[in-house]
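Worksheet: one structure, shown below.
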Amino acid sequence: LAEIMMLQSILILVLFACQSESKTVKGTIYANNEARFWVNGELIAEDPVPIIPINAFNVSFEIPDEGAVTFGIEGLDWADHRGLEFDGRCVGSGVIRAIFDNGVATNSSWKCWTYNYGPVNWRPCYALLDIDSSLKVFPGCAMNSSPVLDDCFTRILDIPEGWSTSDFDDSNWQYAVEWDESYVGWLGPPAGCEAPGTYVSTELDPSGENMTCGQNINWSAYGNEGKFIWREDLQLDNHVLCRYTISSAATRTVISSIFFVLLTVFTITALV
């Protein structure tokens, strides 16, 4: 009987060892121009270099072993109050891409919402910029030499409270649009990105451990390929919030069930 109880105790200890309270997840996020990363409402990391160069950055964080976990990425395409960038001659474009070693990756399953959109009056604004009104010009920079002043404007909305938490209602958000790499490209990468695996050293990231080159990342490293995602308009959707929720509760329940079945079978067999 003592041996049975000892083996039962061992099985129970193994069960609880497999049910750790949290686990570490690592990942890489790329954004044009920059991004902030949230998990369950907590800001985890920000792009170490704002605007340009356009780089990827590495993240590491803890997630609970049970319950819902929401990944949130705030994508920021640089734009001023007119929806223009640089000297007022360009309409920029935004995009994000991410992978995590627990299998989560950006794709059309994510849901996104725009809180900075413009130029709202893009037809007259584009006419002033002399840009093709089909919005298919990429990048959208003016052919003329005169910058636009205040003839263009944006629509800016308040960021919803708790948008990156698991209990947030995103039913009115749209699913992300996947964009092809051949179209969005790798714009304005940091110097030294020609060499695969090169890390970038800057004043903001002297070690080069957090900032890296997006085009040198294996975006299928953890199984699911991280896709370029954004809203439906690369140029006019300037600032977007994208979120994705997973749940590990089911996995933990299955593990618990298996161990308790084994424990019961072992106990019955030993007593017989």
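The values are calculated or read from the model by the stated rules, or taken from the named source; none is laboratory data. All values reported here derive from a predicted model rather than from experimental measurement. Backbone-built Cβ (ideal geometry, glycine too); neighbour counts: all protein chains shown. To get the accessible areas, we keep the full protein, side chains included, count just its heavy atoms, and leave off ligands, DNA and RNA. Shrake-Rupley method; radii C 1.70, N 1.55, O 1.52, S 1.80 Å.
Separation between the ASP65 and HIS81 pseudo-spin-labels, each 7 Å from Cα along Cα→Cβ, expressed in nm?
Roughly 5.3 nm, to one decimal.
Quick check: with the 1.4 Å probe, what order do THR245, THR28 take by accessible area, largest first?
Of THR245, THR28, the descending order of accessible area is THR245, THR28.
Between SER109 and GLU46, what FRET efficiency comes out of the Förster formula 1/(1 + (r/R0)^6) with R0 = 22 Å and r the beta carbon distance, rounded to 0.05?
Details: r = 24 Å, r/R0 = 1.11.
Rounded to the nearest 0.05, the efficiency is 0.35.
Sorted by accessible area with a 1.4 angstrom probe, largest first, how do PHE100, PHE168 fall?
The residues order as PHE168, PHE100, largest area first.
Karplus couplings for the stretch 101-117 from phi (6.51 cos²θ - 1.76 cosθ + 1.60, θ = phi - 60°), rounded to Hz, Gly and Pro as x?
Taking θ as phi minus 60°, the curve returns 6, 9, x, 6, 8, 5, 6, 6, 7, 6, 10, 10, 8, 9, 10, 9, 10 Hz for the stretch 101-117.
Net charge around ARG231, counting only other residues with Cβ within less than 12 Å of its Cβ (Lys, Arg = +1; Asp, Glu = -1)?
Cβ neighbours under 12 Å give a net charge of -4.
On average, how much accessible surface per residue is there in the stretch 20-77, in Å², for a 1.4 Å probe, leaving out ligands, DNA and RNA?
Working: 2050 Å² over 58 residues.
Normalised by residue count, the accessible surface of the stretch 20-77 is 35 Å².
On a 1.4 Å probe surface of the protein chains, which of GLU74, GLU232 comes out largest in accessible area, and what is the full order?
The most accessible residue leads, giving GLU232, GLU74.
For a protection proxy built on the mean count of beta-carbon atoms within 10 angstrom, sort 218-224, 52-58, 37-43, 178-184 highest first, please.
Working: 218-224: 14.7, 52-58: 21.3, 37-43: 17.7, 178-184: 13.0.
Listed from highest to lowest mean packing, they are 52-58, 37-43, 218-224, 178-184.
For a quick check of understanding: with a 1.4 angstrom probe and all protein chains in place, what accessible area in square angstrom does TYR117 have, to the nearest ten?
Near enough 60 Å² of accessible area.
Want the number for TYR175 to GLU21: 0.36 nm per residue separation, take away the alpha-carbon distance, what's left?
Between TYR175 and GLU21, full extension yields 52.3 nm more.
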